[in-house]
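Structure, as structure tokens:
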């Protein structure tokens, strides 16, 4: 039986580790199977240094066609599953074809890697970074081991960040003027604003501020748009009268947001909207504003 | 069945809410014990979510709120102790704002805010400002009110007031005031908005619910008044104008009334006095349905109490011209509120008057001014119908009387009678009674004829029939009471100076004479007696009464009296008139005015002849005449003869024999006046007595005939007593023999079989005999006289 088991087992264990695992920040990442694992966080232009440990099982030797490690930035569109689009691809050859008898460690280093896009896990699209170790073999399939990592990039705060001020309404029902302090927010920002009621003819039960994510994938006629409500935040309880001004203060930190992505490699865009929702006794009416 | 169902449901909802709070509080406590901040926040937010209900009435909601409130205290303790949760207060302040629902979020924020201020990591004013701003998010009236109430509660001891540990570097009292004012304004707005909640609910119920919540709003004003930094200047410049602005702008009567009242109650009187103009300026701007009169009355009450508290403050009242301001404010309010019922206006005047009387007791002109304003308001309108209004007018008019305890003061008020003119007859009478009672109570004298005139003008409702009074409706007893009061009042008209007194009497008489038949019997006697009193006084200083031009002579007065009494005879009230004639006659006698006295007697006899027909009255009258006549010494022989003759004649003509008998023996005294120079006509005395005996005999016989038994011997014993009297007085015609004979006669009568023992006459006779016995044994001249009488 041992023999049989051994036949189907991979001939070796492969593990990838980073040199600064202990000091580097770890962030949660949701895997395909729904599990959340902690992975290291990088940003563009960083050096990615580590080692690959290959350990043949049961001390058997095996042949290979060479060992390489790739750093891949991939975009995966779910309607086109299995088809990865690599926008970044770096390869380091770790070993020439030969035989492996015992465990062996390979150092690798990708220095100042250009990682222009951030990791993203959306409804229809995923952008991820992986380190992929491939042990090439003849006749039988290669041994592949992947290690995810997350990339977050900092952008300097925009020099122009105007406040949003707009007057909207439904004729003869509701006229409001809202004002947000900024039009662009960073992820730990606080949305501060004011909603000013110019005319109230409906019985409002409450008012909520929603954060919506609009993810559009594909291009041209094959564009898919998916909207998702990430947060509902009650701003007002009860019906205001004309002239009332309701403060808005929403801390963004508790929500899992990403920056706005515009047309990443012509594959997808992610935008966030602030949506004001008025709930009246019977139905809902929405008024929105982007960010 | 709608309402009971509703109440039942409400109970159920409340129970559910309480259960929800308890449930989550339980888990919160567990989390507190475990120092688990995440769980604490989660369960406290869930617990507070129970307060999001819309189903409860304010009353029930309050119950729920109190439950949550208690739990929040524990939460606050937890937040305060950073070692338990390990999060800095600043972060905590952010953390609680992550809650998705606004109501729990804000309750938590306030709770953390309270800790935040205590930690002094941020200036109190900034935290407070943030909290009060954020609370704007709750626009639901009941929920908003309670939330802000919570905010007020937790911030109360943390205001950056003078002397507070939370006071910042500079001038933060302004911030404290701003905070409270802002919270107050928002709360009032919410409170007013409650009026428009739920169209299905009855207005009445809503009003009731709203009143239950009013103290939540009013509390803010109380807090303001407690802030030490609010001095007069700040109150004048900031606090009051802003409160008033809110009150006027909210345009809600309930709120306006309550808050005005609140201002008056919570802030010091001194402030009110200094800001009268501002405060009063708001009054005409209030809704017409606001019970402004109560508000102003309260204000004036407070101010007058303040004035009464210390004399030091009085100059301040004068300096700020409190009266003029109040007066004009009332005028403006009345003008502005056209719809205000008349009773409201009068109530206002009553308050103003009370104020004036207490603060400026020396300013009668103010009082008159108030009354004048009232007259102006009343003029051009029909007489008052509203019973409440009438009551208020009575109160208005009574106030000066009570204050000054002196009617004379009131009589100088020119507008006083003009106000009374606007009363209907009935109320007029009530008022007249009040006036009279005041005079009587304070025994104030009315000492000039002018005052008498004014007074009678005031009480004319009692003195004469007014147009339109339905005589039938008068209650006999009330009428008597009223007239008795008038009668008592007449005695209060007095002046030491006879000239003026005469004028007073003339004035009174003039008014009284219009009283009509029902009143005269009550009012004429006191007038006569008062006049007679004057005569007696004049008599005392006879020497001065020589000048012809002096009108106050007894003679003149008697003429007046004659007229007055004459009026009584026409009423007719002859018995009374007769008595008064006799009184006058006696007075005239004392003044030595024979013709006058004679005239009065003549009048008396005429009355007796013509008007007094009732036999009992006749008996009384004749005895009065005899009695008076006996005391007369002014008459010459001729006149006296005429009068005594008349008297004896009438005596003998009485209807019943015993009456005749008694009258006749009484007449005997007419001929024997026990004075030095009195008439002593023994013969005619004896004649009278004998005649009496004859009549007594006749009476006895009549009884014998009609009843078959002898009547009592009372009459005989009475005559015997007269005999003894004259015997002792030394009338030579009355002899011991005659007495002896009479005693025997009586003895025989009593011992005869046909006479039944009598409980009255027998002891009477026995004691008479004892008297004779006593005289006999006493010794001296009298004993000798009696010696010849054998008993």
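Derivation of every value follows stated rules applied to the coordinates shown; laboratory data play no part. None of these values were measured; they are calculated from a predicted model. Cβ atoms come from the backbone with ideal geometry, glycine included; neighbour counts cover every protein chain shown.
General remarks:
- Distance between the modelled labels on residue B:655 and residue B:379, one decimal in nanometres: 6.1 nm (7 Å Cα→Cβ projection).
- All-pairs alpha carbon distance profile, the range A:167-291, 10 Å steps from 0, percent: 12, 40, 29, 15, 3
- Modelled FRET efficiency - R0 60 Å, residue A:32 with residue A:241, Cβ distances, 0.05 increments: 0.70
- Pairwise Cα inverse-distance average, inverted: Kirkwood Rh of the range A:187-258 (Å): 14.6
- Alpha-carbon centroid distance for the pair the range B:227-243 / the range A:143-160, whole angstrom: 59
- Residues residue B:476 and residue B:760, FRET efficiency given R0 of 35 Å [Cβ-Cβ distance, rounded to 0.05]: 0.45
- For chain B, calculated [θ]222 nm from helices alone, where every DSSP H run of n ≥ 4 adds -39500 (n - 2.57): -23500 deg cm²/dmol
- Helix B:554-570 axis, angle to chain B major axis (alpha carbon atoms, nearest 10°): 80
- Model label points for residue B:457 and residue B:609, set 7 angstrom from Cα along the Cα-to-Cβ axis, are 4.6 nm apart.
- The length gained by stretching the chain between residue B:707 and residue B:308 to full extension, at 0.36 nm per residue less their Cα-Cα distance, is 135.5 nm.
- For the range B:273-407: span of alpha carbons on each principal axis (Å, largest first): 44, 38, 19
- Alpha-carbon centroids, the range B:82-108 and the range B:433-460: separation in whole Å: 78
- 0 to 90° range, to nearest 10: angle between helix B:102-119 axis and chain B longest Cα axis: 90
- Taking 0.36 nm per residue of sequence separation and removing the Cα-Cα distance, the residue B:319/residue B:153 pair yields an extension gain of 55.8 nm.
- Site pair residue A:55 and residue A:123 shows an inter-label distance of 4.4 nm when each label is modelled 7 Å from Cα along Cα→Cβ.
- Percent of C-alpha pairs per 5 Å bin, the range B:288-363, short to long: 3, 16, 29, 23, 14, 9, 5, 1, 0
- Sequence of B:456, B:146, A:110, A:251 once ranked by neighbouring C-beta atoms within 10 Å, starting from the fewest: A:251, A:110, B:456, B:146
- Hypothetical label at residue A:260: residues of the range A:170-188 whose amide nitrogen lies under 17 Å (7 Å Cα-Cβ projection): A:179-188
- Largest first, the three principal axis extents of the alpha carbons in the protein assembly as shown are 192, 70, 53 Å in whole numbers.
- Estimated 222 nm signal from helices in chain A, with DSSP H stretches of n ≥ 4 weighted -39500 (n - 2.57), rounded to 500: -500 deg cm²/dmol
- Rg and Dmax of the range B:635-790, based on Cα coordinates, read 16.5, 51 Å.
- Between helix B:342-359 and chain B: long-axis angle, C-alpha atoms, 0 to 90°, nearest 10: 80
- Modelled FRET efficiency - R0 35 Å, residue B:165 with residue A:170, Cβ distances, 0.05 increments: 0.10
- Computed lengthening from residue B:777 to residue B:206, 0.36 nm per intervening residue step minus Cα-Cα distance: 195.4 nm
- Here the range A:250-285 and the range B:600-645 have alpha carbon centers that stand 123 Å from each other.
- Here chain B is described by how far its Cα atoms reach on the three principal axes: 137, 69, 54 Å, from widest to narrowest.
- Tail beyond 24 Å, pair distance distribution of chain A (Cα, percent): 63
- Sequence-separation-based contact order of chain B, relative, with Cα cut under 8 Å and 6+ spacing, percent: 5
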